[in-house]
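Asker: Before I ask anything, here is the structure I am working with.
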Amino acid sequence: MDIIEAIRTISIDVCQRETCFQDYLASLLNAKVRVIIDGIEVDVYGEGFAIEIKVNPRRIYDGIGQALVYKRLLKINEVWLLHIFTHNLDVQSWCKNLGDALEGLLINYAVITPRDNCIAQSDFYEYST
């Protein structure tokens, strides 16, 4: 299964905690969880990719620093930042703001809520309800 497919399967019914979402994605992607590389903990780490997961982030920039470290210091090619909410919010607005914050960093992202989600990769964008 590829990363976008795995992200599409995420449901708030599956998990409520960050570690549960990490374990869930790692199992789908045949990846490792909470791996330490050069002293840096990576939430989900697989062949050529890393995923940083934040559940109910309070600020749009939550997790960006960690994702940037994966990209720049660990030199991981495909980096994802997932903001997962257990409650509903304006996904389009959050997605736009997160995309603006990540612009030019080559970090892919997804925003997931019980009702809507968006997934954005350098050559792919999807919004669904």
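Throughout, read-outs are computed from the coordinates displayed, never taken from laboratory work. These numbers were taken from a predicted model, which means no experiment stands behind them. Every residue, glycine as well, gets a Cβ built from its backbone with ideal geometry; the counts of neighbours run over all protein chains shown.
Asker: Would you mind calculating the relative contact order of segment 1-113 from Cα pairs under 8 angstrom and at least 6 residues apart, reporting the percent as a whole number?
Answerer: 22 percent
Asker: So, in the chain, how many Lys pairs have Cα atoms under 19 Å apart, if the pair is 8 or more places apart or on different chains?
Answerer: Taking the chain as the scope, the lysine pair count is 5.
Asker: If you restrict to DSSP beta bridges whose two residues both lie in segment 3-128, what percentage is antiparallel, to the nearest 5?
Answerer: 60 percent
Asker: What is the distance in Å between the Cα centres of segment 71-95 and segment 1-44?
Answerer: Segment 71-95 and segment 1-44 have Cα centres separated by 12 Å.
Asker: Rank-order 107-116, 72-81, 87-96 by packing density, defined as the average count of other C-beta atoms within 10 Å over each peptide's residues, highest first.
Answerer: In descending order of packing, they fall as 107-116, 72-81, 87-96.
Asker: Continuing with the same structure: Suppose R0 equals 30 Å. What FRET efficiency, 1/(1 + (r/R0)^6) with r the Cβ-Cβ distance, do R58 and M1 give to the nearest 0.05?
Answerer: Efficiency at R0 = 30 Å is approximately 0.50.
Asker: Suppose every K and R has +1 on its Cβ and every D and E has -1 on its Cβ; what is the size of the dipole of segment 17-129 about the Cα centre, in Debye to the nearest 20?
Answerer: For segment 17-129, the charge dipole is close to 240 debye.
Asker: Take the Cα radius of gyration of the chain and divide it by 2.2 N^0.38 Å, with N its residue count; two decimals is plenty.
Answerer: Computed over Cα atoms of the chain, the ratio equals 0.95.
Asker: Can you give the helix-only mean residue ellipticity at 222 nm for the chain, where every DSSP H stretch with n ≥ 4 adds -39500 (n - 2.57) and the sum goes over all residues, rounded to the nearest 500 deg cm²/dmol?
Answerer: Here the helix-only value at 222 nm equals -9000 deg cm²/dmol.
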